[in-house]
C-alpha cells in the first residue's frame, strides 16, 4: 500500500468524507467491473457497487491494516454482496437468467464468423458460467492484472491455491467456449 | 478464438461504469452520514436502534430516533431510488436538508434544557416523520414518495424551530 493511500484511509477513518471520495474514485471502476462480470447486468452491478462503497464507508472505522491492500477489503465486501444478491435472486436466476444466457450462447454456435465484439460478449457469458471462485481468479489475474501474490491476498488463499484455481478456471473457460463454438 | 482468449480478457478491462451513475453514487456516499454500520452486517444496528427508540427515557429515545431516521432514509434511497437519476438528485437535495436539520435537532436535544411537555410534542412529530419516511419507502409512485419525504423534511423544520424558540 502506498503512503498516500494509507494517509487517505487514515483520514477516511477519522470521518473525512473527501478522503473516502478519493478512495472511491480509485477503486470504484474495478469493483464495478468485478461485480458486473459476476452478475452480468449493468443496473444490478451499479446498485451492488453502490452498496459496497456505502457499507465500506459506514464501517471504515473498523478497517485495520493487516498487510493486505485496501482493495482486498473492498473485494471481500463485493464478493459477499454478490453472494447475498444470488441468495435472494436464486429462484429468478435459475428459472430465467441462466437459461437465457445458455440460449444466447447456443445460438452463437450456428454462426460461422463472429466479429470481435461478439467474441468479447461470448467470453463475458462464459465467465458467468464459471463457479464464483473461478470467476474471481479469472477477473483478478487476467482482467485486472493482479499478480498471483496479490490475487492470493485478495482471495485470502495461498499463492499455490491461486495457481491451481487459475489452472482449473482457464481450462473450464476454454471448455465452455469450445463447446459452444 | 482460444488463442485470443487472453487478449479478449484484457479487453474486458475497458468495461467502465456509467459516468452519471458514478457521479451520483459518489455524491450520495460522501454526503451521507457515517452510520457506523459494519461492512458485513448492515442490518444489525438498525434493529438495535429501533429497540432503543421504544425505551422509556424520552430524551435518549428522541436522540436514537434521529439516528433511526437517518438509517431508514439511507436504506430507502439506496434500495429504491438509485436508478432514477433525476429523482435521486431531488431526493439527495432533500436528504442533505434533512441531515442538516437532524444534526441541529440532535445538538439542541443533547445540550439544551427541554421541558417534558415539549419532549412529548417532539416525540409525536418524530413519529409522524418516521411514518412518512417508512411510507415513502413502500410507495411505488416515486413522485408520491418524494411528497412523503418533503413532508418529513417540513416536520423536521417545525421541530427545529420549536426547539430554538423554547431555548
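Some values worked out for this structure:
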read-out: Cα→Cβ-extended label distance, 7 Å offset, between residue B:125 and residue A:10, nm; value: 4.3
read-out: Estimated inter-spin distance, residue A:174 and residue B:164, nm [label 7 Å along Cα→Cβ]; value: 7.1
read-out: Separation between Cα centres of the stretch A:131-181 and the stretch A:1-74, rounded to whole Å; value: 22
read-out: Cβ-Cβ FRET estimate between residue A:86 and residue B:154, R0 fixed at 41 Å, reported to 0.05; value: 0.50
read-out: Per-pair calculated FRET efficiency, R0 = 22 Å: residue A:65 and residue B:27 via Cβ, rounded to 0.05; value: 0.20
read-out: Simple label model, 7 Å out from Cα along Cβ direction - residue A:121 to residue B:97, nm; value: 4.5
read-out: Residue list for the stretch A:1-37, given a label point 7 angstrom along the Cα-to-Cβ vector of residue A:149 and an amide N cut-off under 13 Å; value: A:1
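FYI, it's all coordinate maths here, none of it is from the lab. For clarity, every value in this text was computed on a predicted model and none was experimentally measured. As a convention, Cβ positions derive from the backbone with ideal geometry for all residues, glycine included, and neighbour counts pool all protein chains shown.
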